[in-house]
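All remarks here apply to the structure that follows.
The values are calculated or read from the model by the stated rules, or taken from the named source; none is laboratory data. Just so we're clear, the structure is a prediction, and the values are computed from it rather than from any experiment. Virtual Cβ from ideal backbone geometry, glycine too; neighbours counted across all protein chains shown.
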């Protein structure tokens, strides 16, 4: 049995340096407040959410074009992931502090209450990712506290890590997460910070490996295509999709 590391704090001085992303393109999104992002299991398009009240879920092309939308209307969606095992979409509702499962039409299959401290409803859940092998969920809480949370397939907390990295790994908030398990079985988390204007890549134990600095804030959703060496970001303030190369 895996026990939760309640209150565990990561405080690292690991030496490292900020690496470079190369901007390939950026595209206008006809979406107000895009705030979460994930890659479809086909690898052919992206999913994003609007964080507006009654906002919805959009299927978008890599050039930002809207391919379609689901029928679900959210309260304050801030993160999205897809389970490739059954094709369902999972979103996090920040102010409700819920993980919501949706079918391919956007119909609610279930709602899960995510345990945790709530100081300010606008500083709550910001991102979600899933491991398709274990069907564990990985979530980030924005701040107060900035926190990584792992839920097992029964939605029980198995890890909870307070984030307090230093120097080039500093993260003033957490605004998105994407999980990577590549062909070499390298298990990494790509974590986005709006306020620090940074992407931090960690190992599976959430130890920092490398950082990528960004030139603006309000990036609030991240997706990574390992095969193509691409990072996709959505900017909540500009309503734009950015495409970078990290190789």
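For segment 209-221, the criterion of a residue being more than 17 Å from residue 78 (Cα to Cα), in contact with a helix residue (DSSP H, G or I) (Cβ under 6 Å, 6 or more places away or on another chain) and surrounded by 21 or more Cβ atoms within 10 Å (Cβ to Cβ) is satisfied by at least one position. Out of all the residues in segment 112-122, is one or more touching a strand residue (DSSP E or B) at 6+ places or on another chain (Cβ under 9 Å), surrounded by 20 or more Cβ atoms within 10 Å (Cβ to Cβ) and farther than 20 Å from residue 47 by Cα? Within segment 112-122 (the criterion being touching a strand residue (DSSP E or B) at 6+ places or on another chain (Cβ under 9 Å), surrounded by 20 or more Cβ atoms within 10 Å (Cβ to Cβ) and farther than 20 Å from residue 47 by Cα), the answer is yes, since at least one residue qualifies.
Scanning segment 145-155 for residues that are at positive phi and at pLDDT below 95 yields nothing. Contact map, segment 110-129: residues that are in contact (Cβ under 8 Å) with a residue 24 or more places away in the chain and on the phi > 0 side of the Ramachandran plot paired with residues that are surrounded by 12 or more Cβ atoms within 10 Å (Cβ to Cβ) and in a loop (DSSP other than H, G, I, E, B), Cβ distance under 9 Å, separation 6+ or inter-chain. Pairs shown: 116/97; 116/124; 116/145. Quick check on residue 172: is it over 21 Å from residue 81 (Cβ atoms), in a loop (DSSP other than H, G, I, E, B) and under 16 Å from the mean Cα position of the chain (by Cα)? Answer is yes for this residue. Applying the criterion of being part of a loop (DSSP other than H, G, I, E, B) and touching a strand residue (DSSP E or B) at 6+ places or on another chain (Cβ under 8 Å) to the residues of segment 238-247, the residue that is nearest to residue 142 (Cα to Cα) is 239. I need the full set of residues from segment 236-245 which are more than 15 Å from residue 65 (Cα to Cα) and surrounded by 18 or more Cβ atoms within 10 Å (Cβ to Cβ), in order please. Correct list: 236, 244. Within segment 206-237, how many residues are within 28 Å of residue 183 (Cβ to Cβ) and touching a strand residue (DSSP E or B) at 6+ places or on another chain (Cβ under 7 Å)? Residues flagged as within 28 Å of residue 183 (Cβ to Cβ) and touching a strand residue (DSSP E or B) at 6+ places or on another chain (Cβ under 7 Å) within segment 206-237 amount to 21.
Residue 142: surrounded by fewer than 18 Cβ atoms within 10 Å (Cβ to Cβ) and at pLDDT below 95, yes or no? So residue 142 does not fit the description; no. Those residues that are surrounded by fewer than 18 Cβ atoms within 10 Å (Cβ to Cβ) and either touching a helix residue (DSSP H, G or I) at 6+ places or on another chain (Cβ under 9 Å) or not in a loop (DSSP other than H, G, I, E, B) (or both), I need them from segment 102-111; list them, please. Correct list: 108, 109, 110, 111.
Could you tell me whether any residue of segment 165-186 is out of contact with any helix residue (DSSP H, G or I) (no Cβ under 7 Å at 6 or more places or on another chain), over 21 Å from residue 220 (Cβ atoms), surrounded by 15 or more Cβ atoms within 10 Å (Cβ to Cβ) and at pLDDT below 95? Yes, segment 165-186 contains at least one residue that is out of contact with any helix residue (DSSP H, G or I) (no Cβ under 7 Å at 6 or more places or on another chain), over 21 Å from residue 220 (Cβ atoms), surrounded by 15 or more Cβ atoms within 10 Å (Cβ to Cβ) and at pLDDT below 95.
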